[in-house]
1. For the structure I just gave you, tell me whether residue 32 is more than 13 Å from the chain's Cα centre (by Cα), closer than 22 Å to residue 88 by Cβ and surrounded by 11 or more Cβ atoms within 10 Å (Cβ to Cβ).
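Every read-out reported here was derived from the displayed coordinates using simple, explicitly stated rules and does not represent laboratory data. From a predicted model like this one, the values you see are computed outputs, not experimental measurements. Cβ placement follows ideal geometry from the backbone for every residue including glycine, while neighbour counts extend to all protein chains displayed.
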């Protein structure tokens with residue numbers, strides 16, 4: 001488990017300072033689709049999003065890659081629910097290599 005650096009204090013933040021991410025499921029007749037988003041708390045803009053048939057690590061990594069391509073994430077805080085996708089080494093290494 002990682003420390004809650006943002007401490008859920010989302011008001012008064014700067015652009016690209018705190019980025020939040022999460023996954024939700026969407027029911028369809030033939031099964032579920034999973035929507036992963038990356039959002040900037042500064043203005044609540046959805047910066048990156050991906051849809052997949054699977055709730056897996058690739059979905060999160062692809063979402064974060066989209067976020068990284070669209071925003072300057074240097075020194076940004078990534079806030080998530082710390083589910084398995086967000087605490088995997090692949091996700092952490094991918095994001096940390098660009099923010100430090």
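1. Answer is yes for this residue.
Per-residue answers, yes or no, for (1) touching a residue at least 60 places away in the same chain (Cβ under 8 Å); (2) surrounded by 14 or more Cβ atoms within 10 Å (Cβ to Cβ); (3) over 10 Å from the mean Cα position of the chain (by Cα); (4) in a strand (DSSP E or B):
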site	(1), (2), (3), (4)
47	no, yes, no, yes
55	no, yes, yes, no
64	no, yes, no, no
73	no, yes, yes, no
84	no, no, yes, no
